[in-house]
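Below: one structure, written as structure tokens.
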Amino acid sequence: MPADPDTLFAPSPDVLPDHVRIGADADALATIHDPDVTLAIWQRAPLIPAPDLSEMPAIRFAAPAGQVANRMAAYWATVAPQPWHTVVTRDVARLAALYATLAAEARVEVRLERITGNGCWKFHADYVALRLISTYWGEATQWLPLGADAETPPRGLVAGDVGLFKGRALAGDRAIIHRSPPIAESGGDRLLLVIDAEWEQPD
């Protein structure tokens with residue numbers, strides 16, 4: 001459901017800059033193939049209630065898209081089972097398959113982690129072609145429209161949303177500028193998913 005356009009987060013399509021697209025289903029992500037689009041957002045409701053992240057393992061691996069669920073299951077086997085593990089595993093596997101199709105990549109790099117600090121809190125553009133980002137819990141990724149200056153308020157995703165970000169390798173100087181929301185002073189945490197093409201360095 002679209003958010004109030006007066007808020008900074010998940011603005012309705014009629015106030016979006018031309019280089020951003022939002023949709024209510026997975027097809028919205030395919031708009032990233034438009035040369036003018038640098039951020040495509042699939043707007044979704046949160047998938048999980050407040051999770052217990054106290055034993056959250058640092059999950060990071062490269063694998064064929066079809067093996068993502070099995071690889072994640074190996075990480076969950078090292079900690080006490082939680083009801084949300086299955087939901088997140090299925091969703092990550094689905095998003096990995098979507099990313100692999102849209103990016104024309106057979107293998108993907110998956111990172112799922114608990115974040116308690118400010119992370120990449122400075123606005124920046126990634127040196128990748130396409131990066132998929134989704135926050136399962138907590139504050140989500142913020143972004144700036146093209147041409148923004150120091151006075152431009154950030155906009156952002158909300159928990160559950162899936163963003164497909166065009167990086168410098170594909171969009172050059174038009175790559176989408178974004179950051180992790182600064183949360184260090186809030187005492188909160190985030191459960192963040194990032195999917196890329198497989199990196200050149202080993203796992």
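The values are calculated or read from the model by the stated rules, or taken from the named source; none is laboratory data. These numbers come from a predicted model, not from an experiment. When we count neighbours, we look across all protein chains shown, and the Cβ atoms used for this are built from the backbone with ideal geometry, even at glycine. Areas reflect the complete protein model, heavy atoms only, side chains present, ligands, DNA and RNA absent. Shrake-Rupley method; radii C 1.70, N 1.55, O 1.52, S 1.80 Å.
Quick notes
- Test: residue in segment 80-95 that is in a strand (DSSP E or B), touching a Leu at 6+ places or on another chain (Cβ under 7 Å) and acidic (D, E): no
- Pairs, first within 17 Å of Y136 (Cβ to Cβ) in segment 155-169, second open to solvent by less than 10 Å² (accessible area, probe 1.4 Å) and of a type in the set (S, T, Y), C-beta under 6 Å, six or more apart: L157/T141; A159/T135; V162/S134
- The single condition from (1) open to solvent by less than 20 Å² (accessible area, probe 1.4 Å); (2) within 24 Å of A45 (Cα to Cα); (3) out of contact with any Lys or Arg (no Cβ under 8 Å at 6 or more places or on another chain) that V108 fails is (2).
- Among the residues examined, D149 qualifies as free of Cβ contacts under 8 Å to residues at least 60 places away in the same chain and part of a loop (DSSP other than H, G, I, E, B).
- Of the residues in segment 160-167, at least one is surrounded by fewer than 22 Cβ atoms within 10 Å (Cβ to Cβ), part of a loop (DSSP other than H, G, I, E, B) and not acidic (D, E).
- For segment 148-159, a residue qualifies if it is at pLDDT 95 or above and either in contact with a Cys (Cβ under 8 Å, 6 or more places away or on another chain) or surrounded by fewer than 22 Cβ atoms within 10 Å (Cβ to Cβ) (or both), and the qualifying residues are V158, A159.
- Per this entry, L39 is counted among residues that are within 19 Å of F165 (Cβ to Cβ), at pLDDT 95 or above, surrounded by 12 or more Cβ atoms within 10 Å (Cβ to Cβ) and of a type outside the set (S, T, Y).
- When W199 is tested against the conditions (1) at pLDDT 90 or above; (2) loosely packed, with under 15 Cβ neighbours inside 10 Å, the lone failure is (1).
- Filter pass, V128 being closer than 25 Å to D18 by Cβ and in a loop (DSSP other than H, G, I, E, B): yes
- Residue within segment 100-110 that is among the acidic types (D, E) and at pLDDT 95 or above present: yes
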